[in-house]
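K.L.:
The structure's right below; bear with me while I get my questions together.
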Amino acid sequence: MIEFEDVTKRYPDGTLAVDTLSLRIPSGQITVFVGPSGCGKTTSLRMINRTIERTSGTISIDGEDITSKDPVTLRRGIGYVIQHAGLFPHKTVVDNVATVPKLLGWDKRKTRDTAMELLERVGLDLKLAERYPAQLSGGQQQRVGVARALAADPAIMLMDEPFSAVDPIVRHQLQEELLRLQRDIGKTIVFVTHDIDEAIKLGDNVAVLRVGGKLAQFAPPSELLANPVDDFVRGFVGQDRGYRALTFVHPQELPVEPLPSELVLDDSGAPVGWRADHELLPIGAVFKQGDSLRAALDAVLTSPTGRGICVDDSGKALGVFDQAIVAEALRS
Amino acid sequence: MTWTADNLGLIWEQLREHLYLAIVPVILGLLISVPLGYVATRFSWLANPLIALGGVLYSLPSIALFIVLPAILGTKVLSTVNIIVALTVYTVSLLIRNVIDGLRSVPAEVRQSAVAVGYGPLHRLFAVDLPIAVPVIFAGLRVVTVANISMVSVGAVIGIGGLGELFTQGFQKDFLTPVVVGVVLSVLLALLADLVLVGLQRILTPWARVIAAPPVEVA
Ligand SMILES: Nc1ncnc2c1ncn2[C@@H]1O[C@H](COP(=O)(O)OP(=O)(O)OP(=O)(O)O)[C@@H](O)[C@H]1O
Ligand SMILES: [Mg+2]
């Protein structure tokens, strides 16, 4: 657990970046700091690895005040990922990942094996290992950044807007992969973003900060959407928070109707399109049992026929449903 | 041509002296500029005054420096130390700007991650900042090396000037051959030194060559 107790940061020019912040960041979960630009997210994050020193208050990790440790030693035990990755341009991909193990003096063989294993883990082709960062796409660089942060198996990982400089499709992939990775590794992750959607998607807990470095609300995302504490949080989570809140509503089992004959399937039974006169219309988003109502509604809204398609894990179509069924599930 | 054949020993001796007088200051200058530049990036108010001071020193005429230095250093007029000190001053005054620019060329996010992964300050300088600054520092090294090679000849005026001494000999005897040999050899020396530096830079910065290449996508 990382604990902030009345932490304040005032920069030398007088800017109050963080104001008496008190917060408990639970271990093994993703905690997101979200808020408008300049509200002190980065400052709060960087006080944890002491790359910024707080002005007053205490920050402790598992009960131990971080000022009792040498900052360099502290940092080697905390992964750090930033926007644009900040990879070392003069080191190959595998050497970038090996940075912290090398600093810790691991033997060469173990260092390299660990680095290669991590590259694989974050979904990078091992052919990229000997490249330099300049030869990678933004999304690939970001994966290397994550691998580098994880290399020495730190208990804590700090991530400052790691996905905000890549295009929306890659961002979506990286988010999904982070969630998948986190299910395996269970790190204490502190994640900074100014994107409330990202916060809701990734966070087990979300801390909403307001400008001037004050904590507005600290709650799980569903709670934040259902019960924003004040107008600032309500405004920040957005007008369509009702729709977003559907992300957290998981119907028991959505009743579906049999597959209609207009739905064209391939040999494996996966939907390929809707037959209409002489053309085949694309199917839109699909829904799996266990997905949220938001996904169900999305499937209905993106379908050209107004009927969402329910598939199983292998992608085989099981049935269809319309908005009435979703509305019914919402009422129950 | 017969003169050349008769004086091979002398020419070789002057060539070696020339190289020595030009290169030692480059090495000394680098050893001074790097720590100085590092201090200037830590205390950023120092950087501009240092660069300005370098500009002033570099604009001093070399002849004046060669002549004044013995008085300041208490060395003999005919000591090679004068030449080495003078050229070291020039080297530092030119190189300091490149070292500072080079260290500043490290992208902010790279510096930030270097600190965050747990490099201590000195370790970071050698493992991250200096390697990234190599292209900018080497640009300065190349200029200063060639400049030094040409400036050594000026030392001939006070009696120590490597190949420059061939010029004085030629002029005194009103005889062109030594002058031509001296000029050709110092040009060749400059070209060779530059080539060596380019090669060294390529070895030190394999990563810099890929930057121009477009990123390669692998699924
Ligand atoms: N080194 C500094 N010196 C002075 N003021 C600073 C410094 N760094 C940040 N600030 C100020 O502190 C406040 C908080 O900055 P911080 O970078 O923590 O915000 P942020 O929430 O991360 O913003 P963004 O979403 O734009 O990244 C801002 O007003 C900023 O201008
Ligand atoms: Mg920030």
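A short reminder: the numbers here are calculations on the coordinates, not readings from a lab. Fair warning: this is a prediction, and the values are worked out from it, not measured in the lab. A quick note on method: Cβ atoms are made from the backbone with ideal geometry, for glycine too, and the neighbour counts reach across all protein chains shown.
K.L.:
Please compute, for peptide A:129-137, the average count of beta-carbon atoms on other protein chains lying within 10 Å of each residue's beta-carbon.
P.N.:
5
K.L.:
Of all chymotrypsin sites (Phe, Trp or Tyr not before Pro) in the stretch B:117-193, which ones are in loop regions per DSSP and have a Cβ with at most 12 other Cβ atoms within 10 Å?
P.N.:
Passing both the DSSP loop test and the Cβ count: B:F175.
K.L.:
Another question, if that's okay. Could you work out the relative contact order of the stretch B:65-219? I mean the mean sequence separation of Cα pairs under 8 Å and 6+ apart, divided by the number of residues, in percent.
P.N.:
21
K.L.:
State the extension gain, in nm to one decimal, for the chain segment bounded by B:V183 and B:S44, taking 0.36 nm per residue of separation less the distance between their alpha-carbons.
P.N.:
Length difference between fully extended and current span is 45.8 nm.
K.L.:
Beta carbons within 10 angstrom, averaged per residue: use that to sort the peptides A:277-285, A:150-158, highest first.
P.N.:
Top of the packing list down: A:150-158, A:277-285.
K.L.:
Next question, about the same structure. Run the dipole for the protein assembly as shown about the Cα centre, Lys and Arg Cβ at +1, Asp and Glu Cβ at -1, nothing else charged, and hand back the magnitude in debye, nearest 20.
P.N.:
Here the size comes out at about 1860 debye.
K.L.:
Where both partners of a DSSP beta bridge lie in the stretch A:117-267, what percent of those bridges are antiparallel, to the nearest 5?
P.N.:
Percent antiparallel among DSSP bridges in the stretch A:117-267 is about 50.
K.L.:
Let me know the shape class of the stretch A:263-331, please: from the alpha-carbon gyration tensor, a ≥ b ≥ c as square roots of the eigenvalues, rounded when a/c is under 1.5, otherwise prolate if a/b is greater than b/c, or oblate.
P.N.:
In terms of gyration-tensor shape, oblate.
K.L.:
For the stretch B:130-215, which trypsin sites (Lys or Arg not before Pro) pass both filters: DSSP loop (anything but H, G, I, E, B) and at most 12 other C-beta atoms within 10 Å?
P.N.:
Listed in order of number, the matching sites are B:K173.
K.L.:
Putting +1 on Lys and Arg Cβ atoms and -1 on Asp and Glu Cβ atoms, find which of A:P282, A:F321, A:V272 reaches farthest to the positive end of the dipole of the stretch A:263-331.
P.N.:
A:F321
K.L.:
Here's another thing I want to ask about it. For the stretch A:78-94, in order, what is each residue's ³J(HN,Hα) by Karplus, 6.51 cos²θ - 1.76 cosθ + 1.60 with θ = phi - 60°, in whole Hz (x at glycine and Pro)?
P.N.:
Per-residue couplings from phi come out as 10, x, 9, 10, 10, 4, 6, 6, x, 5, 7, x, 9, 10, 5, 3, 5 Hz.
K.L.:
If amide H atoms are built 1.01 Å from N in the plane of the peptide, which residues on other chains or at least 5 residues away come under 5 Å of the amide H of A:F191?
P.N.:
A:T31, A:V32, A:F33, A:M159
K.L.:
Using the beta-carbon distance between A:D195 and A:S22 and R0 = 30 Å, what value does 1/(1 + (r/R0)^6) give for FRET efficiency, to the nearest 0.05?
P.N.:
Given R0 = 30 Å and the Cβ-Cβ separation, E is 0.75.
K.L.:
Right, here's the next one. Determine the dipole magnitude for the stretch A:145-255: charges of +1 sit on the beta-carbon of Lys and Arg, -1 on that of Asp and Glu, nothing else is charged, the reference point is the Cα centre, and the result goes in debye to the nearest 20.
P.N.:
180
K.L.:
On to the next question. Quote the charge dipole size of the stretch A:206-270 about the Cα centre in Debye, to the nearest 20; the model charges only the Cβ of Lys and Arg (+1) and of Asp and Glu (-1).
P.N.:
That gives the stretch A:206-270 a dipole magnitude of about 720 debye.
K.L.:
A follow-up question, please. Which of the helices in chain B, when you take each full DSSP H run, stretch at least 24 Å along the axis at their Cα atoms and have an average Kyte-Doolittle score of 0.5 or higher?
P.N.:
Sorted by number, the helices that extend far enough and score high enough are B:8-42, B:80-104, B:130-152, B:177-204.
K.L.:
When Cβ neighbours within 10 Å are restricted to other protein chains, what is their mean count per residue of peptide B:202-209?
P.N.:
Counting other chains' Cβ atoms within 10 Å and averaging over B:202-209 gives 3.
K.L.:
Continuing with this model, one more query. Considering only the protein assembly as shown, what is the antiparallel percent among its DSSP beta bridges, to the nearest 5?
P.N.:
55
K.L.:
Quick one: work out the % antiparallel among DSSP beta bridges in the stretch A:2-246, nearest 5.
P.N.:
Antiparallel bridges: around 50 percent, rounded to the nearest 5.
K.L.:
Towards the positive end of the charge dipole of chain B, with charges on Cβ (+1 Lys, Arg; -1 Asp, Glu), say which of B:F138, B:V187, B:I67 has the farthest Cα.
P.N.:
Comparing the listed Cα positions along the dipole, B:F138 ranks first.
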